[in-house]
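K.L.:
Before anything else, here's the structure in question.
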Amino acid sequence: MEVVKRGFTRACKNHSYLCYETIDEILTPLCASHKVSKPASNEAIKAFVNDINDSIRDLGQSLVFIKYPLMGKEYLVYAKTDATPDSIANTGLTAEECQYFSKLLDKIATADDCRIPWNVAYNELFLQGLAKPPKKSRMQHLLQKWSQMGYFLDKDEYIYLGPRSLVELNFYLTSSYSEHIKSCTLCKGLVLWDIRCGSCQIQFHRDCIHTYLQKRDICPSCGSLWTTPLRRSSSASS
Ligand SMILES: [Zn+2]
Ligand SMILES: [Zn+2]
């Protein structure tokens, strides 16, 4: 099993973030070739991932499941612990390109609904004043690469924070942008696009508040009667 765990961890690192279908595509041949039984349920996969985390924690890495409302999916994210925008963007990039990453993050994190129109992301005004700002085509290439890595999501004409940013930069985002970026008080994960209380406007994850409201009918934050309709969590919200 150890060799399967190592192989799976390597695949997670390459994919950055994986849905259950991808996890299955990786585990099926891996387990077959090493003649071990595959974790059969989502619960078994979570236990398998917990075991891996025990062994990679000392290497400053972790695998974290996160519900990502924009895609209506749960992803397994490969993350380095204690990451900052600098430590993320530092491989093979110029200083200006690293700054581009930080500025994008800053712009999105402080925007309404934590998203920016896609064309804003390629606007050279972003990097005005820098000695050698990257060309527009290079910006597009970088944004594409960072999106593949799960740091951003390009969807419906907007750029959003991707699942990996929410995990890997959780501490950085909540401490640097505490005005805009909040954690769900029910599960402590970042909550950016889910559901708001009609009275106090505090945001919760749809699944978290759904579970909570099965036993009570008030907002956990302000205590008013909960009035916002709960749509199914599988439908992506905007
Ligand atoms: Zn929550
Ligand atoms: Zn409330």
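K.L.:
Cβ-Cβ distance below 9 Å, separation of 6 or more or different chains: which pairs start in region 5-33 with a residue that is of a type in the set (F, W, Y) and surrounded by fewer than 17 Cβ atoms within 10 Å (Cβ to Cβ) and end on one that is modelled with pLDDT of 95 or more and assigned to a strand (DSSP E or B)?
P.N.:
Between residues of region 5-33 that are of a type in the set (F, W, Y) and surrounded by fewer than 17 Cβ atoms within 10 Å (Cβ to Cβ) and residues that are modelled with pLDDT of 95 or more and assigned to a strand (DSSP E or B), the close pairs are Y20/Y75; Y20/L76.
K.L.:
Something else: Please enumerate the residues belonging to region 1-32 that are under 13 Å from L63 (Cα atoms), touching a Gly at 6+ places or on another chain (Cβ under 9 Å) and in a helix (DSSP H, G or I). Spell out the reasoning first.
P.N.:
Quick first cut of region 1-32, residues under 13 Å from L63 (Cα atoms) only: 5-6, 8-19, 23.
If we keep only those that are touching a Gly at 6+ places or on another chain (Cβ under 9 Å) as well, we get 15-17.
H15 - this is the single residue of region 1-32 that is under 13 Å from L63 (Cα atoms), touching a Gly at 6+ places or on another chain (Cβ under 9 Å) and in a helix (DSSP H, G or I).
K.L.:
Testing I195 on (1) at pLDDT below 95; (2) surrounded by 18 or more Cβ atoms within 10 Å (Cβ to Cβ); (3) more than 13 Å from ligand 1 (Cβ to nearest atom), one condition comes back false. Which one is that?
P.N.:
Failed condition: (3).
K.L.:
Please determine whether any residue of region 200-217 is within 16 Å of ligand 1 (Cβ to nearest atom), basic (K, R) and in a helix (DSSP H, G or I).
P.N.:
Yes; the residues of region 200-217 include at least one that is within 16 Å of ligand 1 (Cβ to nearest atom), basic (K, R) and in a helix (DSSP H, G or I).
K.L.:
In addition: Which of the following residues is more than 19 Å from the chain's Cα centre (by Cα) and either in the same structural domain as T9 (by TED's automatic domain parsing) or touching a residue at least 60 places away in the same chain (Cβ under 8 Å) (or both): L70, L59?
P.N.:
Numbers: L70 fails: more than 19 Å from the chain's Cα centre (by Cα).
When all the criteria are applied, what remains is L59.
The values are calculated or read from the model by the stated rules, or taken from the named source; none is laboratory data. What you are looking at is a predicted structure, and each value in this text was computed from that prediction instead of being measured. Backbone-built Cβ (ideal geometry, glycine too); neighbour counts: all protein chains shown.
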